[in-house]
1. Out of residues 5 or more away from residue 250 or on other chains, whose amide H comes under 5 Å of its own, with H placed 1.01 Å from N in the peptide plane?
2. Using the count of nearby Cβ atoms within 10 Å as a rough guide to exposure, how do 199, 300, 214 rank from fewest to most?
3. For a test of the definition: using alpha carbon positions, the gyration tensor, and the 1.5 limit on a/c, classify segment 253-327 as rounded, prolate or oblate.
Amino acid sequence: MNRSKIIVIEVITVLMLAVGSTLCAISGQYLLMTVSGLLIVSLIFSISSNHRKSIRLMEQMIMNIRCGDLNISFPSNLKRGGEDLNKSMNEALELFRSRLYESIVSKAETEAWQKLIRVMTHEMMNSVAPIISLSETISEQANDCLDEERYREMMAAMQSIHRRSRGLLDFVESYRKLTHIPSPVMKYFPASELFNDIRNLFANETIPVSFYARPADIRLYADRSLIEQIIINLLKNALDGCRNTPAPLVSVYAFTDRGKSVITVTDNGRGILPDAIDRIFVPFFTTKHGGSGIGLSLCRQIINCHNGTISAVSKPDEETVFTIKFN
């Protein structure tokens, strides 16, 4: 039986016994009054004992969690509704363990990618920079020692080397962004002002973008420039996904949920396939032709720096929603 129902029954029983005891006292049936009184005391003591036991078990669980012991479960030896409490507590513990594991894995994954990128970019830039410098030096000196035809041939080769090296350097530099996210400068600012600035950036976009804030004066506590960077990135993805949609709809919505600020970016474009939705925040993974795979990963790292979360839900060819939650 549900624990709350059992408590109600126990309270009603105590009240009925109290009324019965009073009637016995009025009618002079002192023996029955005494028996009723003893039953009341016994029932109250039993209720109190069971509740104290539940509290002690919860306190013990909290202490174990503080000490890092997550391999715990709530015992089921409680009487009168203990099974329900046991089930609820163990479900909560399992959810806590699951979210903690996901958080640790996500952090470890991000750190591993960042370390790899730092090593790769360091080595590649150290190799490319001298090539660029050497090609420039040779190009400047070649005119003094080569005939005109050989000079043109060598200059063309040097320019190719220089152009490709510079392109590679720019390519590597884009990936360095994943490891050089500035620390957020946190402050309060109106969501409406942020939306107005972003709306101006997309003023010439053929697909209209709608912005909503409820309440209208909702304020966010975050690094404004970094959050703006995230929303711009999500909007570009949403607009790209709607290019071939007959009636494209893209919207940005700021609201509060249980006292926390939330921003959603929604579109009705082609969406994200189920086998890709779990990997879209992984560095270098992309579903777009020619995409770098760093945009959404960068968004997640920025949100992690805010101690917030970003998630995505998509129904292909129906609706895709990216949700940013601030803590």
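Read-outs throughout are calculated quantities, based only on the coordinates presented, and are distinct from any laboratory measurement. Keep in mind that what you see is a predicted model, and the values were worked out from it rather than measured. FYI the Cβ positions are ideal-geometry reconstructions off the backbone, even for glycines, and counts take in every protein chain you see.
1. Residues meeting the criterion, in which the H sits 1.01 Å from N, are 210.
2. Least to most surrounded, the residues fall as 214, 199, 300.
3. Cα axes put segment 253-327 in the oblate bin.
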